[in-house]
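One structure coming up, written as C-alpha cells, with questions to follow.
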C-alpha cells in the first residue's frame, strides 16, 4: 500500500460576502420627499415669522378711542377744531354702526332722519340732538367752550356710543 497523502485542504472561498445593503426607496422619491419637507418647513417658518395684521376695530371701539383722545387733550383743544372732530367721530360711528348717513348731512337733516328711525331710543335721540346743537354752536357760531362744556359734550358722545341712558333720564 502506498502511503496516502492527506487530502488537500480546499482553497478558501473569498467570493462569498455578507448581505449587501440596498436602499429601499428610489432616489427620485427621496429627493422629492426632501424637497417637499423643505417647502413645508419654509411655509411653517413664514407663518411663524409673519406679523399679524392690524387688529380691526369695531365702530364702537374707534369712536371710544377718538373720544378718549379728545379727553386727553382736554382744555388745550381749540373749540372749533374740537367741535369738528368730535362731531365727525360721533357721526362716523352712527354711519358705521347703524348705516344712517350722518357724515354728509347737516344736523337738521340728520335729526329728521333719526326722528323716524326705530334704532334709536327717545333718550338717544334727545342726547344726539343736544350734542349736535352744542357742537354746531362751536363750529358755526365760533362759540368758545370751557373745560366743563367740552367734558359734558364728551360725556354725551360716550353715552350715545355706549348706548347708555342720559344721566337725568334714569331718575
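For residue 11 paired with residue 33, estimate the spin-label separation in nm (one decimal), with each label point 7 Å from Cα along the Cα-to-Cβ line.
4.4
Points 7 angstrom from Cα along the Cβ direction at residue 55 and residue 81: gap in nanometres?
Roughly 2.8 nm, to one decimal.
For a label point 7 Å from the Cα of residue 119 along Cα→C-beta, name the residues of segment 70-109 whose backbone N is under 19 Å from it.
Those under the cut-off are 87-109.
Direction-averaged shadow area of the convex hull around the Cα atoms of the chain, nm²?
For the Cα atoms of the chain, the hull's average projected area reads 25.5 nm².
How far is helix 79-98 tilted off the main Cα axis of the chain, in degrees rounded to 10, range 0 to 90?
With both axes taken from Cα atoms, the answer is about 60 degrees.
Would you give the gap between the C-alpha center of segment 1-78 and the C-alpha center of segment 94-171, rounded to a whole Å?
When both Cα centres are located, 58 Å separates them.
To continue, here is another question. Measure nothing but the geometry: give the 0 to 90° angle between the long axis through the Cα atoms of 27-49 and the longest principal axis through the Cα atoms of the chain, rounded to 10°.
So the helix axis and the longest Cα principal axis differ by about 20 degrees.
I need to check one value: relative contact order of the chain, counting alpha carbon pairs closer than 8 Å and at least 6 residues apart, in percent.
Answer for the chain is 24 percent.
Quick one: among 78, 136, 15, which has the greatest mean-square fluctuation in a GNM of the chain with alpha-carbon springs under 10 angstrom?
Result for the chain, Cα springs under 10 Å: 15 fluctuates most.
Using label points projected 7 Å from each Cα along Cα→Cβ, tell me how many nm separate residue 112 and residue 41, to one decimal.
Once both label points are built, they end up 7.0 nm from each other.
Compute the helix-to-body angle for 59-73: its Cα long axis versus the longest principal axis of the chain, expressed 0 to 90° and rounded to tens.
That helix lies at roughly 60 degrees to the long axis.
We did not get these values from a lab; they are worked out from the coordinates using the rules stated. Bear in mind that the values here come from a model prediction, so they are computed numbers and not experimental data. All Cβ positions, even for glycine, are placed from backbone atoms using ideal geometry, and neighbour counts span all protein chains on display.
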